1. For a protection proxy built on the mean count of beta-carbon atoms within 10 angstrom, sort 151-162, 69-80, 39-50 highest first, please.
2. Measuring from a point 7 Å past the Cα of Ala125 along Cα-to-C-beta, which residues in segment 51-81 have an amide N at less than 17 Å?
3. One-quarter of the Cα convex hull surface for segment 17-77, in nm²?
4. Work out, in µm²/s and without decimals, the Stokes-Einstein translational diffusion coefficient of the chain at 25 °C, 0.890 mPa s, Rh from Kirkwood over C-alpha pairs.
5. Please list the radius of gyration and Dmax for segment 83-199, considering alpha-carbon atoms only, with Å as the unit.
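Read-outs throughout are calculated quantities, based only on the coordinates presented, and are distinct from any laboratory measurement. Given the structure is predicted, the values throughout are model-derived calculations rather than measurements. Neighbour counts are summed over all protein chains in view; Cβ atoms, including those assigned to glycine, are modelled from backbone coordinates with ideal geometry.
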Amino acid sequence: MEQESHYGGHGTTRPGGRTARVRSAVLRAAGDALAELGFAGLDLADVARRAGVGRTTVYRRWATPTGLVADLLTEMAEESLPRAETGSLLGDLRANARLVRRTLTDPRQGPLFKAVIAAATCDAATADALRRFYATRIAEWAPCVEQAVERGELPAGTDPHEVVRAVSAPLYYRLLASGDPLDEATADRAAEAAAAAAAAGIYVVRT
């Protein structure tokens, strides 16, 4: 089932028996707790209560709040939406920017991402999981840049990963630093700026 944001948090339960159902329930509860309380308020006993499972189960499998957050990031990457294919670079980048914007302004997802990023600043395992999450998402969208090179929209040698990063960077800056509004016009402007810079050869890898 498609989800509007990077990670809907309330999607369908994947098959796999009781273990998979428990993991899904616990990670959903962890996401809810992070969105409500932030990383500082994440407590394994509270997550177990929210998920309706035994505390021993949660402590045995995840051990620490950071271990739980790391696994949550893994699931978020697995359940993220596939990239759009509009037929043009600007259309694809605009779709990416709008998806990121919807996620970051969602009442649940915005606080959840803030909490996860905060956790990554103080725990190496969570930071590594966050890097893997974004690497997965960037790799998902990189082909739109590669296809633009093939169509002649961009110069050969354009780094697709750098272009995709350039789209979301100003949106995360607003979420985490400036607090400026994150509206659709802002998302479109980020996509247009990245597309224009790419067309000008800014992201061509120099050898």
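1. 69-80, 39-50, 151-162
2. 56-76
3. Details: hull surface 14.6 nm².
Computed as one quarter of the Cα hull surface, the answer is 3.7 nm².
4. Values: Rh = 18.0 Å.
Roughly 136 µm²/s, to the nearest whole number.
5. 14.5, 44
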